[in-house]
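Everything on this sheet refers to the single structure shown next.
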Amino acid sequence: MNLISKLSLAVTLILYLIFGLSYSEKQGFWHDEMYTLSFLKGVSIYNFEGSIWSKQDTIYDVNHFKNLLAEDNFYSNFPTQILHEGHPPLYFVLLKLWSYIFGYSEVALRSFSLCCGLISLLVLFSLFRKKAKQTYTAWLVLIMLIFNPFLFYFFTEARMYALAFLLAVLSFRYWIVYQEDKKIKSFAFLSFCLSSIGLLYTHYYGLFFLSTLALVELLKFGFKRSLLNHGIAFLSFLPWVPAIKKQISFHDVHWTDGIISFSDSIIGYFKGINHLLVSPIANPLTHETVIMMVILTILLALLFIKERKFILILLYAILIYGLQVYVFDQLVGHHTILIPRYYMFSLIFIYWGVYKLIDSSYKVVSFFIPLTYSILTGTVLFQIYQLDRAPKQMFREVAGFVDSHVDSKTRILVFEPEGVLMVGVAYYLQNNFKLVSAHKTSVELDSSAVFIDEMLGLEYCENKYNLKEQNKLEFIPFVAVNLYK
């Protein structure tokens, strides 16, 4: 790259960083991020055996939780914490090291994900620039990556998805390099193994991505002994299997419980891919879906004409990826195929196809698709930044309202369910309110009660208690939290 290209790339990524950091401070931690924070402090706030809720229930006060989160028991409580979490440990270990430098604020913890996201963009840009015949190909793909609302949303969340995506990107990049070189004793193969192992120790669904890579290798080159090299990451993951069994034992009820049919799974999977490209969390608008379908149709049609063998392998990869998730759901009785972030790694294959099209197609088409996509998703990004689309759960806003409108000396806060909701609101409260769990309290809930209910769409733990009392009170809705006073 010449100096101008390097400066342009640096400016582009710095602007993305500034935009991401600015967005990160707009909202407080939501449910999952609140657990990330508590994990880093060594406080288990899921209602499992060994958590802070295992003791005899009582009336808490805000300072009780603030004091718990002020201490640091990360290492002493790590074995219990990671079993309660349900995900592998690598993200939390790295984030803990990050927190020693940057602290525990929303911006500090989210900036780790943003850093992972920026490196992902840089790695993909570098890969496509090296492989492309046209000098503009990598830049156009980078523009589409930067304008992807889904990636931006999860690159600015204090959870493991950005790190997992980075490790999947690294696995993909070094897989391509060592496939071409055919050298096992190489830096590329070592990097592929390390990033693959890291991916599995960050998110279990990396298994489906790595299996898909092995399938693509089989389709491209036929069966060769090199296929066995994919087993290195899986073998390295075997020591963690006993921990997985223990993690599963804590989840008598899981929020993705319930099998859905094959047809519903396929429809849900392709709707999920639309989410991956257009809109995180919130459903895309009708015109957004239509435009995205047109873009994908053009992309597939032109690739079929110009790169027929490649497009067939690409389609097989995306379909097999979804089929693996479907089979997993059937085996464990879940419907995770309806959760797009669980297969966000499929974006790597999609952008691989975009790169091929841009590099081999007519210039008009090569520029038309990124331009149309960027105009479409630029609006979505602006809405996300303004919190008009997919805002995070409002613990901070609930706490601010309670501090301003409720008397801490005469009112008690009743939470349903306890766990993350109670700790999350307490974290942001300034006044030292009394707090109690709706399903355990023996307190007489008279006019002093203010009810705070978490509403994440989990029927098994929501809307179970105090419905008659709540009907008599003023209802104040927040994002994923209902308040009655």
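The values are calculated or read from the model by the stated rules, or taken from the named source; none is laboratory data. Keep in mind it's a predicted model, so treat the numbers as computed, not measured. Cβ sites come from the backbone with ideal geometry, for glycine too, and all protein chains shown count toward neighbours. In case anyone asks, the SASA skips ligands and DNA or RNA and just uses the protein heavy atoms, side chains included. Shrake-Rupley method; radii C 1.70, N 1.55, O 1.52, S 1.80 Å.
Can you list which of the DSSP-assigned H helices in the chain have a Cα extent of 27 Å or more along the long axis and an average Kyte-Doolittle score of at least 0.5? Before the final figure, lay out each step's value.
On the way: long enough: 3-24 (31 Å, 1.73); 106-131 (38 Å, 1.18); 161-181 (30 Å, 0.88); 286-306 (30 Å, 1.96); 308-332 (36 Å, 1.50); 363-385 (32 Å, 1.31).
The qualifying helices are 3-24, 106-131, 161-181, 286-306, 308-332, 363-385.
Highest average first, the peptides 454-464, 297-307, 122-132, 29-39 ordered by how many other beta carbon atoms sit within 10 Å of their residues are 29-39, 122-132, 297-307, 454-464. Were the residues from S105 through T286 laid out at 0.36 nm apart, the gain over their Cα-Cα distance would be 61.5 nm. Around the Cα centre of the stretch 302-388, unit charges on the Cβ atoms of Lys, Arg, Asp and Glu (plus for the first two, minus for the last two) sum to a dipole of about 340 debye. Normalised by residue number, the volume inside the convex hull of the Cα atoms of the chain is 159 Å³ per residue.
Protection proxy ranking for 358-365, 369-376, using the average of other Cβ atoms within 10 Å per residue and placing the highest first: 369-376, 358-365.
Sorting F328, F368 on solvent-accessible area from highest to lowest, probe radius 1.4 Å, gives F368, F328.
By the rule of a C-alpha distance below 18 Å, with chain neighbours fewer than 8 residues away ignored, the aspartates and glutamates paired with K356 are E180, E217, E307. Sorting S404, S99 on solvent-accessible area from highest to lowest, probe radius 1.4 Å, gives S404, S99.
When the surface is traced with a 1.4 Å probe over the full set of protein chains, Y75 keeps roughly 140 Å² accessible.
Each Lys and Arg contributes +1 and each Asp and Glu -1, all at the Cβ; summed about the Cα centre of the stretch 1-105, the dipole is approximately 400 debye.
Between D403 and V294, what is the FRET efficiency for a Förster distance of 51 Å, r being their Cβ-Cβ separation, to the nearest 0.05? Provide the component values of the computation, followed by the final result.
On the way: r = 49 Å, r/R0 = 0.96.
Rounded to the nearest 0.05, the efficiency is 0.55.
Percent antiparallel among DSSP beta bridges with both residues in the chain, to the nearest 5? So the antiparallel bridges in the chain amount to around 55 percent. Between M1 and N432, take the C-beta separation as r, use R0 = 56 Å, and let me know the FRET efficiency to the nearest 0.05. Efficiency, from the Cβ-Cβ distance: 0.50.
Simple spin-label estimate for Q383 and H254 gives 3.2 nm between the two label positions (7 Å along the Cα-to-Cβ direction from each Cα).
For the stretch 147-248, lysine pairs with C-alpha atoms less than 19 angstrom apart, excluding pairs fewer than eight positions apart on the same chain, total 5.
Can you list the lysines whose alpha carbon sits under 17 Å from that of K41, skipping same-chain ones fewer than 8 residues off? The qualifying lysines are K66, K96.
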